[in-house]
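Since the structure comes first, as structure tokens, the remarks are kept for the end.
Bear in mind these aren't lab numbers, they're just calculated from the coordinates by the rules spelled out. Because the structure is predicted, anything quoted here is derived from the model rather than measured. Here the Cβ positions follow ideal geometry from the backbone for every residue, glycine too, while neighbour counts run over all protein chains shown.
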Amino acid sequence: MAERVPNEVQILTTLYKHPNISRSDLSQKLQLNKSSISEYTNQLLDYEIIRENGTGDSTTKGGRKPICLEINYQYGLCLGIDLAPHKITFALCDLQLNIIDYGEQLVDVTKENAMQYISKIIDAQLTPSKAYKGGLLGVAFSIHGIVDKKKIRFTPNYDIYKLDLFHAVSTQYPSLPVHLLNESNASALCEAYNSHVRNLVAVNVGSGLGAGIIIDGRLLQGVNGYAGEIGHAIIVPDGKPCNCGNEGCFEQYCSEGAILSYYNSIARTPLTTITDLIHEYKQGNACAEQTIQRDLKYMALLMNHIMKTIAPEQIIINSDLAYHIAPYTQMLTDMTTTTYKQNIEIISSVFHHRSVILGAVYLAIQEFLHAFV
């Protein structure tokens, strides 16, 4: 049996998805009588979590224009922290995902040093949050690995899974709601919020390779959070060894490290960053061009897997190659059109790498709205 959602929560989540609607519209959407809607909205107005925002259009019968309602986006702040293997990023946002503060630091994240950096970030955001009625409403961590609710199951490229992060943060900040999610899932949440597309896949390419999957407007996480781990699907049997323990995973052919490794195997002068590779590609470096073409070949295979198994409306690529090589997504589209294409749009993210951190904040916002009673 589905768990009953409190009426206040239904109203808040509806207003978040459909701002500036009247009490009458809420009554129709939620199938609650008008007197109940008035009772609950008046309570939420007293809490200052929602506010009246002008008037809407009158009905065809005339009469007074209805008063519209919306979330009070300045009620409080939510914090997102992205724990990548070699960088920590944070964003503090209001309830409309407007960034109040943002920062990033290059650091090799380990189970030993993670809480040191996390504590500094949270402590620094507690003071500005005091200026808001609700204060700091929650913190969400995006993890580059497999996340199952409150538990990090495995992170192949660093050892953060050996830290009980949820317990550590909750113990140090007992009044602060804490949430965890996979970084590709965070990216997918952000993209879905922005585009209102109900079926999409966000593919994140960095030190690893993963996908966040939205089906019918809901995030697909699978058993124990393993959905979307496409980086560890095997495409080359007995291929290159992977940190996950398998051989021939997509990650060993399409991740940033794999791309650079291939370039360095064919070029006289090695490169250390994807930015350098992009520069060489734009300068007409033959080895760089060969590397990009090889990457596109494997990425086209990945697009085929996604198209055939999930059939989303959009596939959104979150990678430096897609951002900084203008024809990248078009070349990828062209390579899938001949044999794979199903009228599925392949585009780069408009957020660039910030989709991950904003998705984490969005999760904290949604969890706050669902817990507000």
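Summary of values
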read-out	value
Additional length obtainable on full extension of the chain from R153 to K29, 0.36 nm per residue less Cα span	40.8 nm
Distance between region 156-228 and region 308-324 - C-alpha centres, whole angstrom	17 Å
Largest-first ellipsoid semi-axes for region 76-154, taking √(5λ) over the Cα gyration tensor eigenvalues, angstrom	23, 14, 11
Q74 paired with A371, simple spin-label distance in nm, labels 7 Å along Cα-to-beta-carbon	2.5 nm
Packing-based exposure ordering (other Cβ within 10 Å, fewest first) of M331, M303	M331, M303
Sites R268 and E345, calculated FRET efficiency, Cβ-Cβ separation with R0 51 Å, nearest 0.05	0.85
Table column - 3J(HN,Hα) (Hz), region 200-211, Karplus curve with 6.51, -1.76, 1.60, x for Gly and Pro	8, 10, 9, 9, 9, 10, x, 5, x, 8, x, 9
DSSP-defined beta bridges in the chain - what % are antiparallel, rounded to 5	60 percent
Residue exposure sequence - T110, T269, T89, T155 - by fewest surrounding Cβ within 10 Å	T269, T110, T89, T155
Net charge of neighbours whose Cβ lies under 12 Å from the Cβ of S255, counting Lys and Arg as +1 and Asp and Glu as -1	-3
Cα centroid separation - region 23-50 against region 89-127, whole Å	36 Å
Potential lengthening between H196 and L126 on full extension [0.36 nm per residue; Cα-Cα distance subtracted]	22.0 nm
Among 203-211, 132-140, the order from most to least packed when residues are scored by Cβ within 10 Å on average	203-211, 132-140
Cα long-axis angle, helix 286-309 against the chain (0 to 90 degrees, to the nearest 10)	50 degrees
Rg to Rh quotient for region 107-187, alpha carbon positions, Kirkwood Rh	0.98
Pairwise Cα inverse-distance average, inverted: Kirkwood Rh of region 146-263 (Å)	15.5 Å
More than 17 Å apart - percent of Cα-Cα pairs taken over region 1-150	69 percent
FRET efficiency for S261 and N113, using Cβ-Cβ distance with R0 set to 35 Å, rounded to 0.05	0.85
Å³ per residue enclosed by the Cα convex hull of region 254-305	69 Å³
Helical contribution to [θ] at 222 nm, DSSP H n ≥ 4, -39,500 (n - 2.57), averaged over the chain, rounded to 500	-12500 deg cm²/dmol
Value of Rg/Rh across region 214-327 [Cα atoms, Kirkwood radius]	1.00
R218 versus H352: modelled label distance in nm, points set 7 Å from Cα along the beta carbon direction	3.6 nm
Fraction of the pair-distance distribution of the chain above 26 Å, Cα-Cα pairs, percent	56 percent
Relative intensity, log₁₀ I(q)/I(0), of region 304-373 from a Debye sum that treats every alpha carbon as a point, q = 0.12, 0.14, 0.23 Å⁻¹	-0.45, -0.57, -0.99
Local electrostatic count at A227 - Lys and Arg +1, Asp and Glu -1, tallied over other residues with Cβ under 12 Å	-1
